[in-house]
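The values are calculated or read from the model by the stated rules, or taken from the named source; none is laboratory data. What you are looking at is a predicted structure, and each value in this text was computed from that prediction instead of being measured. Please note: Cβ atoms are built from the backbone with ideal geometry, for glycine as well, and neighbour counts cover all protein chains shown.
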Ligand SMILES: [Zn+2]
């Protein structure tokens, strides 16, 4: 059993635990007990890695206080952590956290009325349209979609869970949003699943930032393939900008926390800091009003940072003419092919620029 296989087993067991905690038992799981034991023996580590913090507290104030204590503890264990330096040392692309995002937060409804989004697209509709497209361009169905399993999400978020030993992906879709949002988030998770299949074929595991670049590019392609109207594209750009600004604020917020922990010890001080940073980005409200609602601060610190580069990439592509979906798709696949062959993240920006110049 080589190191790739061990990583796959550990990832799959951990993800199966995550799904089973939510009462989801995927079919076509292909991982024998013998394989699990062998991998764990070689890895010499407990298989269960919790993906979400386990909080059994129903009292909200108590929950916030507990979270605050845990956050302060995490910060004190990582004093003076500098996220931008850390990115440099991991050879991740430089991100600009002072990006000048134009003021965009006019009411959604004034730009796009969800009622006009006549058809409600289910995940099945999206898959069917993709299959037709792949047939039309005679693209070999390398990325077999029979390996995708769809479930309703157990919370307000959508997920794509990878099962590398079974070579499948479990997609959990939230029903919380408007029709158009549901469509965009389904496109994003299907993007992850398509890229997962590509990784399984190539037997690679990549950093989360590469996963997110792939998911965002394939999301963009799916949106362009299925929703062709200009006003919908405007809405999509707006939605993407909104997501980017949120991620910039959450990342900047965490950077400040680690920089000046003494100044932001209490819950209230943290909430004030969050609002102050939102104002820096010319917005009054981010998606989360309380710092404690920002996902992943404790279990995956700086998770939001991994979305910044991919979303900047998508927005720069959307400034161009993206009507030729076939060309866009083939360029994306070619680009992802290069990314998965790389041994490190060095010069990711340069590779993107090449992709951009040859596509437009
Ligand atoms: Zn994603």
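Being surrounded by 18 or more Cβ atoms within 10 Å (Cβ to Cβ) and within 12 Å of the ligand (Cβ to nearest atom), is that true of even one residue in the range 138-152?
no
Output the residues belonging to the range 161-197 that are more than 15 Å from the ligand (Cβ to nearest atom) and closer than 22 Å to residue 14 by Cα.
163, 164, 165, 166, 167, 168, 197 - these are the residues of the range 161-197 that are more than 15 Å from the ligand (Cβ to nearest atom) and closer than 22 Å to residue 14 by Cα.
What number goes with the only condition from (1) outside any helix (DSSP H, G or I); (2) farther than 19 Å from residue 169 by Cα; (3) within 16 Å of the ligand (Cβ to nearest atom) that residue 228 does not pass?
(3)
Only residues in the range 252-274 that are under 15 Å from residue 78 (Cα atoms) count as the first member; pair them with residues that are in a loop (DSSP other than H, G, I, E, B), Cβ under 6 angstrom, at least 6 apart or cross-chain, and list the lot.
Listed pairs, sorted by first residue: 254/302; 258/81.
How about the range 18-56: which of its residues are part of a helix (DSSP H, G or I), surrounded by 15 or more Cβ atoms within 10 Å (Cβ to Cβ) and modelled with pLDDT of 75 or more?
Within the range 18-56, 18, 19, 35 qualify.
Kindly evaluate residue 238 against the criterion of being in a helix (DSSP H, G or I), closer than 22 Å to residue 352 by Cβ and either within 16 Å of the ligand (Cβ to nearest atom) or within 21 Å of the chain's Cα centre (by Cα) (or both).
On the way: in a helix (DSSP H, G or I): yes; closer than 22 Å to residue 352 by Cβ: no; either within 16 Å of the ligand (Cβ to nearest atom) or within 21 Å of the chain's Cα centre (by Cα) (or both): yes.
No: the conditions fail for residue 238.
Would you tally the residues in the range 153-170 being closer than 16 Å to residue 23 by Cβ, touching a strand residue (DSSP E or B) at 6+ places or on another chain (Cβ under 6 Å) and either at pLDDT below 85 or part of a strand (DSSP E or B) (or both)?
3
In the list 225, 220, which residue meets the criterion of being closer than 28 Å to residue 355 by Cβ, out of contact with any strand residue (DSSP E or B) (no Cβ under 8 Å at 6 or more places or on another chain) and crowded, with 22+ Cβ neighbours inside 10 Å?
Of 225, 220, the one residue that is closer than 28 Å to residue 355 by Cβ, out of contact with any strand residue (DSSP E or B) (no Cβ under 8 Å at 6 or more places or on another chain) and crowded, with 22+ Cβ neighbours inside 10 Å is 220.
Here are some residues: 195, 150, 221, 183. Which one is touching a residue at least 40 places away in the same chain (Cβ under 8 Å), farther than 21 Å from residue 306 by Cβ and either in contact with a helix residue (DSSP H, G or I) (Cβ under 9 Å, 6 or more places away or on another chain) or assigned to a helix (DSSP H, G or I) (or both)?
The conditions single out 183.
Does the range 200-212 contain any residue that is in a strand (DSSP E or B), within 11 Å of the ligand (Cβ to nearest atom) and within 18 Å of the chain's Cα centre (by Cα)?
Within the range 200-212, not a single residue is in a strand (DSSP E or B), within 11 Å of the ligand (Cβ to nearest atom) and within 18 Å of the chain's Cα centre (by Cα).
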